[in-house]
1. Pairing the Cα long axis of helix A:82-113 with the longest principal axis of chain A, what angle in degrees results, from 0 to 90 and rounded to the nearest 10?
2. Taking the alpha carbon gyration tensor of region B:226-309, what are the square roots of 5 times its eigenvalues, largest first, to the nearest whole Å?
3. Within region B:32-47, which residues have the backbone N less than 13 Å from the label spot 7 Å out from B:ALA62 along Cα→beta-carbon, could you tell me?
4. Could you pull out every Cys in the protein assembly as shown that lacks a partner Cys with its beta carbon under 4.7 Å away?
5. Take every DSSP beta bridge with both residues inside the protein assembly as shown and express the antiparallel ones as a percent of the total, to the nearest 5.
6. Over region A:60-178, how many percent of alpha carbon pairs lie in each 5 Å bin up to the one with the longest distance?
7. Determine the alpha carbon to alpha carbon distance for each of C:LYS64/C:LYS405; B:LYS199/C:LYS403; C:LYS64/C:LYS403 and list only those over 27 Å.
8. For chain A, take the longest principal axis of its alpha carbons; what is the angle in degrees between that and the long axis of helix A:10-37, to the nearest 10 within 0 to 90?
Amino acid sequence: MASEAQRPPLSLRLATNGFIVVWLILAAFPFLWTFWGSFKVELDFFSIADWTNALTGTNTRETHGSAFTLAGYEGAWVQEEFWRNVINTFIVCFFVVLTSLTIGTLGGYALSRSGFKYVFWLLIIALIFRAMPPITLVAGYMLPFFEWNIWGILPTTIIVLVAINQPFTLWMLHSFFQNIPKELDESAKVDGCTQFQAFRHVIVPVMWPGVITTGLFSFLLAYNDFAVTSMLLSESNRTMVPEIAAFLGTTYTEGNVMFAVAAVVSATAPLFVLVMFFQRQIVSGLTAGAVKG
Amino acid sequence: MKHRTFFWFFLPTGLAMVLFIAAPIVSVLIQSVFAPHEAVFVTVENCGPFGCVQETTIDQAATQELREAQPLGRFVGLDIYLDRGHLALAEMGEAWRSSDSLGGFFAELRDLPFYGAMAFTLTYTFVCTPLLIALGLVIALAVNTLTQRLKGLVIFFSLLPMIVTPLVGSLILFWMIDSRGVLGTFLAYLAGDPDLSLKASTPLMWISIIIYGIWSSAPFAFVVFYAGLQTLPQDQIEAAQIDGATRWQQVRFVVIPHLMPLVTFVALIQLMDNFRVFEPIVGFNASAHATSLSWIIFNDLGGETRQLSAAAATSVMTIIGVAILLSPVLVRTWRDFRGKT
Amino acid sequence: MFLRVFTTASALAIITATSAAACEIGARVSIVGNEFPAIQTVGANAQACTGGEVTTNLTADHQKINLPGMQGNPAEYTSAIIANSSIVALMNDDVIRPLDDLVAEFGQDLKPNQLVSIGGQVMAIAFMANAQHLVYRSDILEAAGVEPPKTYEEMLAAAEAIRSQGLLENPVGGAYMAGWNLAQEFNNMFLGFGGQHFKPGTAEPSVNSEAGVKALEMMKALSAYMNPDFLTHDSNATNAEYRAGNVALMNMWGSRAATLVTVDGVPEDVKNGFAIAGPMTVGGGDTPASTLWWDGWTVAKNIPDEEAEATFKAMLNGIDPSILQDPEVPTQAVWLIDGYEPTPAAIGVFEAANAGTIPYPMLPYMGLMHTALGNELADFMQGDETAEQALADVEAAYTAAAKEKGFLQ
């Protein structure tokens, strides 16, 4: 975006870059620490005896003969068949993102283009819906879901996650659609398009940055959800997060924290690919020409 | 847009919300004013692997009739909202009469579960929300000045706090800030106090949770603002430059007004999410120091005996709390909305 | 089902192949329960039955799922695996059936002490036992010149000796995390001091008593020898402290003893010094300051009789004495099954049972008391309140909850 005249002065550039470096350390350090620690044994990872054990891997070396071990990964992926949970998670994520963006885009677009008072109240009601703590919602679902025999399966969880996330999706897309000038679809309608055709041919091509950003959040919600997935999925259909929680153990029984750590680290790899892929869509500014606020 | 067209566009999302959110909210409202029937007890002999004891149990035959007569339970009106686990009006009055100073009264109040939770929840909400918005905005502005090649990498790493599952993210940080963990050791070194323990002190625990809250939510604000920056009208920036606006003035008078709807949006979402703070309290095992309304619900539903009515009442109060909290933002939205039409 | 205990399950396949012929069922069986290895073993063996589909859902969240899953008609789950604390929730809502007729018909081989009866009706079949008891480091106690403690007072003295000799700074470990764990430690100590949670025959609380105050004071005295973060330590964190060699004395679950020093990376001196003993007494009392627990299975009420019969048979197969032939299985729990030979890790639980430890009370309102204790006692442990104030808060919180549930008027 910066023309030669727009180039920031050196001091500002240094300050900006310095700030980004500090932020990246803050953001990534716990993760990198976890990544490093995932190749250690539990005692080194938590390093209760001496924090430098996490760096040197003293106990890991005593047990495995080397300061790094793949025991956590092997346990999670081979022994516990974590890949099943990965597949479940991606099924859930894919359908949640697809469904919530489809119905959310339609709804959000309608909200942004209708000037009646009920639009405002619909938005407010959606917001109030979102205020409901998910744990209470989930506790309420249990009995009817068992009665209807739909408890424990992936489609139920997908629909629930879509519904719980709709208020957020609607609000976010509503904000983005408002930034797309009304004149675009109105001129299409003047040319004889129906509202849906105007939406399909004029709005859809320019809405992607907003939709992709919203989709990213839908994805992260489905990916990270614990409250819904832990209560509504049976053991054999578990997604990654409840499985990771199960690795951690309970009062009664020994967990295996290193399985959980290895699972967390390996589960982040596909996200890396995903973000690297979509950042180009976000960054390239597909709509920079078309959208003027 | 015509009412009819609007209806069809809105139907799928509306239906999903009515079925899976509105209906449960109605049932929660009903649940919060009904309580289980009074139990009829009998004393019986219970035997097991470790011998026999006389214990009380519920006389199912006697309770059965009551249940069939009133399947919803007994109607208790607002009793549950007013009992000690919630608004605790009687206990509050008692505390007011018995304490001789305002400080004493507040100390007694903090001892009641609802007010103790509110003290932390409100502090958390009002400290976290503005700070994370500011941080997110600064990151978005800074990242926007980077070259294309660096952006993707920086975005990915900036998203990490949000991507790493909160359950595990808070667990990892919990161990890092342990007095023998890497951050705990570092902080103890900075403070010059080798016995410094973040987890043993209430104020330090609050600060840790708040910092975690900002850390884990700033990426959300960052991504929203960053996407907003991509639609920034170049002509306005250029016009401002021609007018000789400084960099700060461009941000202040062009960028921020452009992002304002998104700021409102982030503020709405984050106020609400922070008011419902839950995961860090569980992840940090912090319930001795800090609780929240969501934590109380979790606790009511998680015991050996589930207190459904108490959880329902707390949920309704959470919704009301969020509505009160958001009202200024909502009034603003209403003005914007009326201004537009 | 996921093969959580992968090796165990495959080893079992060989054994159960021979005994499976004996288990022929004629209807569906669906089991919900916790997920620890012993229950995985029971579930896998129940699945060896043929003739009907046997499904299991073994998860740590089972307590939140089992009640809604058994309230429907027909119930989703035909059997729930529970403990003496959690059977109460199923009893309160009347979702499990008496088993007397099924026991008479199929359960001849059960030992009498496996039958859990409430008011004369068999409601559950127990298959394993658990209790908290002393775990210590024999090498450190020896270096400090103290005997393994038999009472909590001796434990305090031993801790002081270890600390004053500079062996360990915080020699005592305890799962004192605010909430369920802290309440459980209070229950132990309170029962050890001869306390009773309720006035006999009623749901009225009576924890604000001399025994209650003494119990809290003892816990406070112990906490002075613990890591300052003790209010955030659950049993996982406490075990981690022990493994790291920071703790020499702790009250720990018997079910955790077998795996305490077998995980990767435990230092040699911790492994060699590992020792267990029965639970300690307190305040000169005879009753150990601990509680006894059993795990067992139930059969749902809202299912057809043929499903109940199939469930009973399948679960019976799940706890058949033949499962003990797998060398892994006897270490998984303190089994109540015929033919079980206690392993060295089981002596703590056995001593607890022999010393007359009180079983965790099976009362309809005990869960509410446990929750109230867990929430309110942290204020005392942090020094914000006196013991009497904290116990008065417990009673007030419990009373509010018990009124809501209809246990108190």
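What follows draws every value from the coordinates through simple rules; no lab data is involved. Keep in mind that what you see is a predicted model, and the values were worked out from it rather than measured. No Cβ is skipped: glycine too gets one built from the backbone with ideal geometry, and neighbour counts run over all protein chains shown.
1. That helix lies at roughly 20 degrees to the long axis.
2. 47, 12, 9
3. B:38-44
4. A:CYS93, A:CYS193, B:CYS128
5. Around 75 percent antiparallel, to the nearest 5.
6. Bins of 5 Å from zero give 2, 10, 14, 14, 14, 12, 10, 7, 6, 6, 4, 2, 1, 0, 0 percent of pairs.
7. Pairs exceeding 27 Å: B:LYS199/C:LYS403.
8. Approximately 50 degrees, to the nearest ten.
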